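Read the structure below first, then the notes.
The values are calculated or read from the model by the stated rules, or taken from the named source; none is laboratory data. A quick note: this is a predicted structure, and the numbers were derived from the prediction, not measured. Here Cβ is always computed from backbone atoms with ideal geometry, including for glycine, and neighbour counts include all displayed protein chains.
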Amino acid sequence: MGKRPLYKRVLLKISGEALMGQREYGLCSETVSRIAEDIRAVHELGVQVCVVVGGGNIYRGLAGAAKGMDRATGDYMGMLATVINSLAMQNAIEKIGVPTRVQSAIPMASVSEPYIRRRALRHMEKGRVVIFAAGTGNPFFTTDTAAALRASEMGCDALLKGTKVDGVYSADPVKVKDAERYRQLGYMEVLSRDLGVMDHSAISLARENRIPIIVFSITKPGSFAEAVCGEGLYTIVKDEG
């Protein structure tokens, strides 16, 4: 490959929607397998990888709350959806020969390990990919915040957010043709301009722990490895200067 990674340990945040492919709902097995290949490519660079997967392809707590459901109940349902996605991701990664562990913030002994920070670190040191399921384990927190929290706890060098677009734009690039893609932004700039990279608590956590956030397109094969090596199209959010 010839690429040199810029980071030793990274967390990949994938939205539930990214796993849908062209579907309107649920999981697309081809998409899950392709993302697994992308994770293997980074793993083969010698980078320690952990993953947080969203659950929006199955259930969104906030959307349920908008329709009259109790917000906490809706959020717990969303967390369970992330466990389904995490198990699918684990299966796809292990099928291509990469050892994987799922750790759930909501204990489910039959299907996953409980989240134990020191154990997760040990798994990564041994070359296993760790998938963190069930968000933070608490309602009212998004999986973006869970990603920033786990990246902080794991001492990650970067948090990579795989989305449907190749970075952060001044406006929705699907709707606005001449929307500008930013190459680099500061944490405070993202917060003050409400650019929607991640929610505010996730940005604040990353800022406090000086973890750069890299936004790239997970829909393009090989883009995860490119971003880890500082190549390809992406937006990086980090301290100014």
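Answer with yes or no whether P221 is at pLDDT 95 or above and over 20 Å from R117 (Cα atoms).
Judged against the criteria, P221 is a match.
Quick check: anything in the range 189-197 assigned to a loop (DSSP other than H, G, I, E, B), in contact (Cβ under 8 Å) with a residue 24 or more places away in the chain, closer than 22 Å to K164 by Cβ and touching a helix residue (DSSP H, G or I) at 6+ places or on another chain (Cβ under 6 Å)?
Looking for residues that are assigned to a loop (DSSP other than H, G, I, E, B), in contact (Cβ under 8 Å) with a residue 24 or more places away in the chain, closer than 22 Å to K164 by Cβ and touching a helix residue (DSSP H, G or I) at 6+ places or on another chain (Cβ under 6 Å), one finds at least one in the range 189-197, hence yes.
Which members of the range 142-173 meet the condition of being crowded, with 22+ Cβ neighbours inside 10 Å, touching a Lys or Arg at 6+ places or on another chain (Cβ under 8 Å) and assigned to a helix (DSSP H, G or I)?
Once the filter is applied, which keeps residues that are crowded, with 22+ Cβ neighbours inside 10 Å, touching a Lys or Arg at 6+ places or on another chain (Cβ under 8 Å) and assigned to a helix (DSSP H, G or I), the range 142-173 yields T143, D144, A147.
Against the condition modelled with pLDDT under 95, of a type in the set (A, V, I, L, M) and buried (at least 19 other Cβ atoms within 10 Å of the Cβ), how does I35 come out, does it pass?
Considered against the rule, which asks whether it is modelled with pLDDT under 95, of a type in the set (A, V, I, L, M) and buried (at least 19 other Cβ atoms within 10 Å of the Cβ), I35 comes out as no.
Considering the range 113-141 alone, what residues qualify as being on the phi > 0 side of the Ramachandran plot and crowded, with 19+ Cβ neighbours inside 10 Å?
Restricting attention to the range 113-141, the residues satisfying the condition of being on the phi > 0 side of the Ramachandran plot are 127, 134-135, 137, 140.
Of everything in the range 113-141, those that are on the phi > 0 side of the Ramachandran plot and crowded, with 19+ Cβ neighbours inside 10 Å turn out to be A134, G135.
So, in the range 208-237, of the ones that are part of a helix (DSSP H, G or I) and of a type outside the set (S, T, N, Q), which residue ends up nearest to the chain's Cα centre (by Cα)?
Only one residue tops the list, namely F224.
Looking only at the range 49-79, which residues are in a helix (DSSP H, G or I) and of a type in the set (F, W, Y)? Give the derivation first.
Step one: list which residues in the range 49-79 are in a helix (DSSP H, G or I), which gives 61-66, 71-79.
Matches in the range 49-79: Y76 only.
Could you check the range 220-236 and list, in sequence order, the residues that are surrounded by fewer than 16 Cβ atoms within 10 Å (Cβ to Cβ) and of a type in the set (D, E)?
Of everything in the range 220-236, just one residue is surrounded by fewer than 16 Cβ atoms within 10 Å (Cβ to Cβ) and of a type in the set (D, E), namely E231.
Tell me whether the range 44-65 contains one or more residues that are over 17 Å from A133 (Cα atoms), buried (at least 23 other Cβ atoms within 10 Å of the Cβ) and touching a residue at least 40 places away in the same chain (Cβ under 8 Å).
Looking for residues that are over 17 Å from A133 (Cα atoms), buried (at least 23 other Cβ atoms within 10 Å of the Cβ) and touching a residue at least 40 places away in the same chain (Cβ under 8 Å), one finds at least one in the range 44-65, hence yes.
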